[in-house]
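A.B. asks: If you scroll down you'll find the structure; I have some questions about it.
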Number of protein chains: 2
Amino acid sequence: MPEERVRDISEFELIDRLRMALPPTVRGNALVPIGIGDDAAAWTAHAGERVLVTTDSLVEGVHFRLDWTSWRDLGWKALAVNLSDIAAMAGLPVLATVSLALTGNETVSDLVELYRGMGELAQLHNVVIAGGDIVRTPHDFSIHVTALGHTLGGGKLLTRAGARPGDWLFVTGTLGASAAGLALLMLPADDPRRRATTAPRLIEAHLRPIPRIETGWLLAARNASSAMDLSDGLFGDLEKILDRSGVAAIIDLDKIPIAAAVRALFPDQAMEFATRGGEDYELLATIPKEGIREALELFEEDDVTVTRIGEIIERPATGPHLFVRNPDGSLEAVAPGAFDHFKAE
Amino acid sequence: MPEERVRDISEFELIDRLRMALPPTVRGNALVPIGIGDDAAAWTAHAGERVLVTTDSLVEGVHFRLDWTSWRDLGWKALAVNLSDIAAMAGLPVLATVSLALTGNETVSDLVELYRGMGELAQLHNVVIAGGDIVRTPHDFSIHVTALGHTLGGGKLLTRAGARPGDWLFVTGTLGASAAGLALLMLPADDPRRRATTAPRLIEAHLRPIPRIETGWLLAARNASSAMDLSDGLFGDLEKILDRSGVAAIIDLDKIPIAAAVRALFPDQAMEFATRGGEDYELLATIPKEGIREALELFEEDDVTVTRIGEIIERPATGPHLFVRNPDGSLEAVAPGAFDHFKAE
């Protein structure tokens, strides 16, 4: 029997199948009573808190390859990258809308898997998939997710604009695992590194990133002055905090937390993966030095790994504003390394 | 000098140029202090009201053709179709996010025009363009807009689910102008209808639809039991209210308000355009008969055209649930006519 494809069923039927692929609590809850099936979704927002909204798109052949990712993992990731942005503002995610641009050639069961993957992550965070749009596209299958959430501390949120000279610079977790996972996916099938016991964990870091929701709250509670999530790589993303805050930074290269598995499998590329690889979805944050000891103790209590990797300094009037300190103590300017989506090839 | 294209400048530079193409009040306001340039936008929601969120995508070659629409009109329309969904819930729009999937071959000045068009409409409604995402796509240029707003009457909103037997069925404005405008755009350049004095108005109805924001509030204030906006055509969209409300309807064909210009230029297709054409972005609503006289008088005071086109009836246990009453009084079932995005060709 040929596989049922999107063009074989009505749009109404497709929407219904996708809706039913979600766990019941992800289709709606007391806070989000109106979801899929109306002109707009409705949400009773929390009085006194700020509404946060973010959007991220994934395009086949650009952001993912279907021979590397399962549809279920793709659904997880499409939602995760958005929840990560809510985390970076110290927010609690509440709902998401999902737009699919489909060629009509996709199988219905693959799209159901996509929604199952989204549903898994949504359920973990009590997020409702509250609607969206399905449109036809000639060639490029793509997914466009918008996530909404709110702050938790009477409107207090973390932006990119608050870093001040003297603040210390931190990252959560370890860096480079996602880039290493992608590198593993690109290796020839007979490369021995693909059979390493640590390989599946690195690949999972790339395919199913974990949004650091609770860590975002902790950062806000511990007085962080700025934060963002690491999607384009440490050096590129840090530039955005530096620009928005009007400051400069020094990173201690030997302090950057790189997972042992990354160093073991890619000894020559580990530092490159950690600093320019991207897609780790850890949080990058600055915290004022005053009270830093108490802040770090509290992180330990909460079992969150936070590593100090450098400090914020005054921005020079001209010239570079991102420096690394080599293990021998010498400073070196970092060439602007932001990942540019139109020039990266 | 060759035209500057997206791939010739950095992503940062592109975002900055697009941001600057917006009127200052559209880049941020007191309610939306954090917009373009952070992980998420932040909005101080109105206590006691519900947050509304909706999303709509436009794909080149499917939803628009760049030889028919200007970039500025395209920007207007991409936002308008979203604000129309907020209107259909009786909401006040507040902010929108915009994601662009670009091939890199677009000119920067065209995209600036796109943002100017969005900015024009946004400014009219005090809407902030609060961020988004720019991604690369291999072939299909597309625009994905998400609009947020809130209710105005202590949480009261209009859904598709409230129509009851005995309610009267209304539409705002006139129908068919958008489909007639599209038909004009598709005519050969030497067709005399393209030179009709009314042609530009019909084409404008297609390219720059007006979201019926205030009319949505009036409908809610006048006790409408359900509403939606007409994007896929009267017959197709009405089916959605009937399904969600569990009712049936009779439409009086001779009551459907069709603009005189549509009848004049397309006498044989006018009814088809009005009932199945789509993209008029007028509102379709049901209002209980009790108190209907007062409701209609108030619409007149507010200078809003609202036409009664039929009534809601009990849903038969089986068989069709949408009927038209011909001018001779006979009833006729309407074949399901929803526009299906994957089968329409």
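A.B. asks: Give me the inter-chain shielding for B:145-151: mean count of other chain Cβ atoms within 10 Å, whole number please.
C.D. replies: The per-residue average across the peptide is 5.
A.B. asks: While we're on this one: State, to one decimal in nm and shortest first, how far the label point of A:Asp110 sits from each corresponding label point in the other identical copies (label point: 7 angstrom along Cα-to-Cβ).
C.D. replies: Reported distances to equivalent positions: 2.8 nm.
A.B. asks: In nm to one decimal, list the spacings between the A:Leu124 label point and its equivalents in the other copies, with label points set 7 Å along Cα to Cβ, shortest first.
C.D. replies: Label-point distances to the other copies, shortest first: 4.4 nm.
A.B. asks: With r as the distance between the Cβ atoms of A:Glu294 and A:Arg195 and R0 = 60 Å, compute the FRET efficiency 1/(1 + (r/R0)^6) and round to 0.05.
C.D. replies: FRET efficiency, A:Arg195 to A:Glu294: 0.85.
A.B. asks: Tell me which lysines have Cα within less than 27 Å of B:Lys255's Cα, excluding those fewer than 8 residues away on the same chain?
C.D. replies: B:Lys240, B:Lys289
A.B. asks: If you take the beta carbon distance between A:Asp302 and A:Lys255 as r and set R0 to 22 Å, what does 1/(1 + (r/R0)^6) give as a FRET efficiency, to the nearest 0.05?
C.D. replies: 0.55
A.B. asks: Restrict the search to the range A:63-138; then list the trypsin sites (Lys or Arg not before Pro) that DSSP places in a loop and that have at most 15 other Cβ atoms within 10 Å of their Cβ.
C.D. replies: On the way: sites: A:Arg65, A:Arg72, A:Lys77, A:Arg116, A:Arg136; in loops: A:Arg65.
Sites meeting the loop and neighbour criteria: A:Arg65.
A.B. asks: In addition: When chain B is modelled as a GNM with alpha-carbon springs shorter than 10 Å, which of B:Gly329, B:Gly117, B:Gly48 fluctuates the most?
C.D. replies: Residue with maximal mean-square fluctuation among B:Gly329, B:Gly117, B:Gly48: B:Gly329.
A.B. asks: Based on other C-beta atoms within 10 Å, arrange A:Trp43, A:Trp71 from fewest to most.
C.D. replies: Working: A:Trp43 26, A:Trp71 19.
The fewest-first ordering by Cβ neighbours comes to A:Trp71, A:Trp43.
A.B. asks: Compute the label-point distances linking B:Ala264 to its equivalents in the other copies; points lie 7 Å from Cα along Cα→Cβ; give nm, one decimal, shortest first.
C.D. replies: Reported distances to equivalent positions: 8.0 nm.
A.B. asks: Now, a different point. Report the charge-dipole magnitude of the protein assembly as shown in Debye, nearest 20, computed about the Cα centre from +1 at each Lys and Arg Cβ and -1 at each Asp and Glu Cβ. Present the calculation step by step, with values, prior to reporting the outcome.
C.D. replies: On the way: 64 positive and 100 negative charges, 127 e Å.
The dipole of the protein assembly as shown has a size of about 620 debye.
A.B. asks: Where does the charge balance sit around B:Arg164 when Lys and Arg score +1, Asp and Glu -1, over other residues with C-beta under 12 Å from its C-beta?
C.D. replies: -2
A.B. asks: I need the calculated FRET efficiency for the pair A:Trp68 and A:Asp328, taking r as the beta carbon distance and R₀ as 45 Å, to the nearest 0.05.
C.D. replies: Using R0 = 45 Å, I get an efficiency of 0.70.
A.B. asks: Taking neighbour Cβ counts within 10 Å as the exposure measure, how do A:Ile256, B:Ile15 sort from fewest upward?
C.D. replies: On the way: A:Ile256 20, B:Ile15 16.
So the residues, fewest neighbours to most, are B:Ile15, A:Ile256.
A.B. asks: How do A:Met118, A:Met228 line up, fewest other C-beta atoms within 10 Å first?
C.D. replies: Ascending number of Cβ neighbours within 10 Å: A:Met228, A:Met118.
A.B. asks: What is the set of long-range amide H partners of A:Val128 at a cut-off below 5 Å, with H atoms built 1.01 Å from backbone N?
C.D. replies: For A:Val128, whose amide H was placed from the backbone, the distant partners under 5 Å are A:Leu95, A:Ala96.
A.B. asks: To continue, here is another question. Within 10 Å of each Cβ in peptide A:233-243, how many partner chain Cβ atoms are there on average? Round it to a whole number, please.
C.D. replies: So the per-residue partner count for this stretch is 1.
A.B. asks: Now for a different question. Give the residue list of trypsin sites (Lys or Arg not before Pro) in the range B:264-331 that are DSSP loop and have at most 14 other beta-carbon atoms within 10 angstrom. Could you put the intermediate results ahead of the total?
C.D. replies: Numbers: sites: B:Arg276, B:Lys289, B:Arg293, B:Arg308, B:Arg325; in loops: B:Lys289.
Those that pass, being in a loop and sparsely packed, are B:Lys289.
A.B. asks: Another question, then. Amide H to amide H, which residues 5 or more places from B:Arg50 or on other chains are under 5 Å from it, using H placed in the peptide plane?
C.D. replies: Residues meeting the amide H criterion: B:Thr151, B:Gly155.
A.B. asks: Right, another one. Tell me what chain B gives for mean residue ellipticity at 222 nm when only DSSP H runs of n ≥ 4 count, each as -39,500 (n - 2.57), the sum divided by the residue total, rounded to 500 deg cm²/dmol.
C.D. replies: -9500 deg cm²/dmol
A.B. asks: Follow-up. Starting from the amide H of A:Ala259, placed 1.01 Å from N in the peptide plane, find each other amide H under 5 Å away whose residue is 5 or more places distant or on another chain.
C.D. replies: Close amide H contacts, sequence-distant or interchain: A:Leu175, A:Ala177.
A.B. asks: Got a sec to turn the phi values of the range B:180-189 into Karplus ³J(HN,Hα) couplings, 6.51 cos²θ - 1.76 cosθ + 1.60 with θ = phi - 60°, whole Hz, x for Gly and Pro?
C.D. replies: 5, x, 5, 4, 4, 5, 8, 6, x, 4
A.B. asks: Using a cut-off of 10 Å between beta-carbons, work out the net charge of the residues near B:Ser142 (Lys and Arg +1, Asp and Glu -1, B:Ser142 not included).
C.D. replies: Result for the neighbourhood of B:Ser142: -3.
A.B. asks: Hey, in the GNM for chain A with a 10 angstrom Cα cutoff, which one of A:Pro267, A:Pro257, A:Pro93 fluctuates hardest?
C.D. replies: Of the options given, A:Pro267 has the highest mean-square fluctuation.
A.B. asks: I would also like to ask the following. Roughly how many whole Å is it from the C-alpha centroid of the range A:69-91 to that of the range A:92-154?
C.D. replies: If you average the Cα positions of each part, the centres end up 10 Å apart.
A.B. asks: What length, rounded to one decimal in nm, is gained on full extension from B:Arg164 through to B:Glu13, with 0.36 nm per residue of separation minus their alpha-carbon distance?
C.D. replies: Stretched out fully, the B:Arg164 to B:Glu13 stretch lengthens by 49.0 nm.
A.B. asks: Still on this structure: Is the protein assembly as shown rounded, prolate or oblate when judged by the Cα gyration tensor, a ≥ b ≥ c being the square roots of its eigenvalues, rounded requiring a/c under 1.5 and prolate requiring a/b larger than b/c? Intermediate values should be presented prior to the final figure.
C.D. replies: Details: a/c = 1.92, a/b = 1.87, b/c = 1.03.
It is prolate, given that a/c is not under 1.5 and a/b is the larger ratio.
A.B. asks: For chain B, set up a Gaussian network in which alpha carbons nearer than 10 Å are linked by springs, and say which option among B:Thr44, B:Thr54, B:Thr97 fluctuates the most.
C.D. replies: Taking springs between Cα atoms under 10 Å, the residue moving most is B:Thr44.
A.B. asks: Something else now. Can you pull the mean other chain C-beta count within 10 Å for peptide A:55-65?
C.D. replies: 5
All of the numbers you see were taken from the coordinates with simple rules; none came from a lab. Remember, it's a predicted structure, so these values are computed and weren't measured experimentally. Here Cβ is always computed from backbone atoms with ideal geometry, including for glycine, and neighbour counts include all displayed protein chains.
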